[in-house]
Structure formats: C-alpha cells, structure tokens
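Rule-based calculations on the coordinates, nothing more; no lab input. Small disclaimer: the values here were computed from a predicted structure and weren't measured. Backbone-built Cβ (ideal geometry, glycine too); neighbour counts: all protein chains shown.
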C-alpha cells in the first residue's frame with residue numbers, strides 16, 4: 001500500500017460525501033482515515049467522529065450543506081473532485097474559514113468532446129440506426145432514411161467559458177457558423193455574440209448549452225427559447241443543471 005505524502009500527516013480524518021472511484025479510493029485511504037458517506041448511511045457514527053473530521057472529499061454532484069459544515073468543528077477544507085461546486089454552501093464554508101477547492105480545466109476537453117459527439121449522434125440518428133441494425137429491421141424494411149448534416153450548419157453555444165470555447169474550436173473543424181451568448185461579449189473571440197439565448201436559438205440549427213447550475217441559470221432554456229429553436233432544431237445539454 002502506498003504511504004501518505006510527506007505533506008499530509010498520517011491519520012487525518014476525512015469524510016467522503018461522494019462515492020469514491022476505484023482508482024481514487026486506494027490513494028485516499030493511504031493518505032487519510034476515510035469515513036465514507038456517514039452523513040447518509042450512519043448519522044450516529046458521524047456524530048461520534050465529527051470532532052475529528054478535518055477534510056471533506058466531494059464530487060461535482062455532492063451536496064455539502066451549512067448544517068453538515070456546522071456538525072464538523074475541526075473542518076478545514078472541502079475538496080471537490082470536479083469543476084462545479086454548486087452543491088457546496090460556499091457562504092457557510094467562508095464564514096467558518098473553511099477552504100473550498102475544485103479542479104477547473106481538468107475535464108474541459110472531455111466535456112467538449114462529448115458535446116460534439118452528442119450533436120453528431122442526434123443529427124445522424126446514431127442510436128436509432130444502431131437499434132435498426134441490431135433488431136434486424138434493416139433486413140425487413142431496408143436502410144433508414146438519410147439523416148441530417150452537421151458540416152456547415154449553424155451552431156449556437158449558450159455559455160462561453162473554457163468549455164464553450166473548446167466546443168467552438170471543435171465545431172470550427174466542421175465549418176459550422178458559430179455564434180454564442182454569455183454574460184458579456186468576448187473581445188478575444190472571433191465568433192458572433194447574441195444578447196440572449198432566445199435570440200441565439202432563433203439563428204441556430206444546433207444549440208449547445210454549457211452553463212453553470214444554480215439560480216442564475218434556472219429556466220434559462222425555457223419555452224420561448226425552444227420555440228425560437230424550432231421543431232427541427234437540436235438541443236444538446238451538457239450544462240450543470
């Protein structure tokens with residue numbers, strides 16, 4: 001078993017509030033005294049070890065409430081293994097002097113790749129085509145109708161942070177006409193800016209949403225946006241929330 005890094009004193013109590021991946025679990029267990037999801041599975045056991053918990057390991061989907069933070073008087077850090085930290089009560093952590101960390105940029109390429117893959121899959125009807133072949137329908141009814149083209153189409157990107165820009169970079173290779181909407185225009189980007197998701201949808205064949213979650217983006221994609229995109233438009237959601 002690996003030994004803890006010299007910078008981490010052995011035996012620090014850590015509460016894992018997310019299911020830990022098989023790749024990461026041995027590393028955490030080598031460096032910390034890990035208590036797995038006691039806040040969900042065994043509140044009494046959590047109460048017993050709460051005074052010793054100095055760290056929380058979370059994922060981008062984890063919820064760390066003010067109530068949980070208040071239960072852990074020795075808590076020093078909440079480490080989110082992901083980009084988003086929407087589920088962390090940052091205000092409560094800040095009030096207690098608890099550091100909140102996350103891992104921006106780590107998954108930019110993966111999410112951008114997935115967004116393009118989903119767009120291609122929807123346009124070319126790949127899941128339906130796969131079912132058509134596997135079920136034997138191709139033998140009985142012949143090939144599927146032709147699907148839609150992506151190259152040269154109009155792409156709107158809602159949210160133009162790191163991942164939105166990575167999506168645009170990939171879409172440019174398909175000769176797509178790219179536009180975006182965000183809180184403000186990006187002077188360093190060559191793509192057209194539109195002031196709202198609805199205005200963008202009205203000029204898009206494909207609309208990819210890549211925004212943070214939370215109250216600020218709740219209902220951002222509403223009935224008006226969908227109506228502007230139209231019945232033939234394709235919506236790809238890789239946003240948080």
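Taking the convex hull of the Cα atoms, report for the chain its projected area averaged over all directions, in nm².
Working: hull surface 72.8 nm².
Projected over every direction and averaged, the Cα hull of the chain covers 18.2 nm².
Sorted by mean Cβ packing within 10 Å, highest first, what order do the peptides 227-237, 128-138 take?
Working: 227-237: 15.9, 128-138: 12.0.
Top to bottom by mean Cβ count within 10 Å: 227-237, 128-138.
Can you tell me the orientation of helix 162-172 relative to the chain, as the angle in degrees between its alpha-carbon axis and the longest Cα principal axis, to the nearest 10?
30
Taking the Cα-to-Cβ direction at residue 30 and at residue 184 and moving 7 Å from each Cα, how far apart do the two end points lie in nm?
About 4.5 nm separates the two model spin labels.
At 0.36 nm per residue, minus the direct Cα-Cα distance, what do residue 147 and residue 91 gain on full extension? Give it in nm, one decimal, please.
Working: separation 56, 0.36 × 56 = 20.16 nm, distance 4.86 nm.
Length gained, residue 147 through residue 91: 15.3 nm.
What value in Å³ per residue do you get for the convex hull of the alpha-carbon atoms in the range 1-128?
Working: hull volume 19.0 nm³, N = 128.
In the range 1-128, the Cα hull volume divided by residue count equals 149 Å³.
Under the rule a/c < 1.5 gives rounded, and otherwise a/b versus b/c splits prolate from oblate, where does the range 108-237 land using the Cα gyration tensor? If you can, show how the numbers build up before the last one.
Numbers: a/c = 2.14, a/b = 1.88, b/c = 1.14.
Prolate shape, in that a/c is at least 1.5 and a/b is the bigger ratio.
Note down the relative contact order for the chain as a percent, whole number, built from C-alpha pairs under 8 angstrom at least six residues apart.
On the way: 399 pairs, mean separation 31.0, N = 241.
Relative contact order, the chain: 13 percent.
Treating the angle as unsigned and between 0 and 90°, give the value, to the nearest 10°, between the Cα long axis of helix 108-124 and the longest Cα principal axis of the chain.
30
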